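No value in this document is a laboratory result; all are computed from the given coordinates. What you see is a predicted model, and the numbers here were worked out from it, not measured in a lab. Reconstructed Cβ throughout: ideal geometry from the backbone, glycine too, with neighbour counts over all protein chains shown.
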Amino acid sequence: MIRIGSGEDIHLLVKGRKLILGGVEIPFEYGLLGHSDADALLHAIADAFLGALALGDIGQLFPPSDKTIEGIDSKIILKRCYDLVKEKGYHLINLDANVVTEAPKLKPYIIPIRESLAKLLDVDISCVSVKAKTNEGCDAVGEKKAIRTNAVVLIKKGDEYGQ
């Protein structure tokens with residue numbers, strides 16, 4: 001059995017925060033605002049995993065009202081969501097994600113982000129696609145006030161060899 005899930009996230013850009021995308025810190029004068037480290041890419045992927053199995057969203061597992069997880073590393077969020085997928089007997093076949101931002105330019109960081117995701121999800125980098133897009137000047141993303149991400153995952157029940 002295979003399942004597909006999609007996830008999306010958006011965070012405002014603010015001064016005084018680190019910019020972390022896909023578990024990679026990117027030098028930039030702004031970072032993403034959020035209850036956690038605000039890694040919008042990891043949040044979209046985590047939601048895609050949960051969506052593939054109809055398990056809700058990360059806000060249910062990691063509510064912003066929970067002060068004990070304030071500032072949590074989003075790698076923990078992603079790992080917990082992927083653990084739920086594995087507990088149900090599924091594994092990742094492939095991941096396709098987009099990061100939509102006018103700035104910073106992400107081309108130099110795409111390979112490190114893909115490597116980070118492949119390591120976090122214990123898959124070959126060939127199973128992980130990350131693309132950088134702009135919003136052509138439209139809305140908060142186009143005005144350099146926010147970064148939006150989306151992700152699609154394909155998961156399969158059984159072991160990695162199709163058993």
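Summary: within the chain, the longest segment free of GluC sites (Glu not before Pro) located in DSSP loops with at most 12 other C-beta atoms within 10 Å is 71-135. Of the trypsin sites (Lys or Arg not before Pro) found in segment 81-129, those in coil by DSSP whose Cβ has at most 14 other Cβ atoms within 10 Å are Lys88, Lys105. Looking at segment 2-157 alone, DSSP beta bridges between its own residues are antiparallel in about 80 percent of cases. Taking only the Cα atoms of segment 2-157, the radius of gyration and Dmax are 14.7, 43 Å.
With a threshold of 30 Å on the Cα-Cα distance, the over-threshold entries among Lys105/Lys157; Lys86/Lys144; Lys119/Lys156; Lys15/Lys75; Lys18/Lys79; Lys67/Lys133 are Lys105/Lys157; Lys86/Lys144; Lys67/Lys133. Rounded to the nearest 20 debye, the dipole size of the chain about its Cα centre is 140 debye, using +1 on the Cβ of Lys and Arg and -1 on the Cβ of Asp and Glu. Loop-located chymotrypsin sites (Phe, Trp or Tyr not before Pro) in segment 22-84 (DSSP state not H, G, I, E or B) with no more than 10 neighbouring Cβ atoms inside 10 Å do not occur. Ordering Ile110, Ile2, Ile155 by the number of other Cβ atoms within 10 Å of each residue's own Cβ, fewest first, gives Ile2, Ile110, Ile155.
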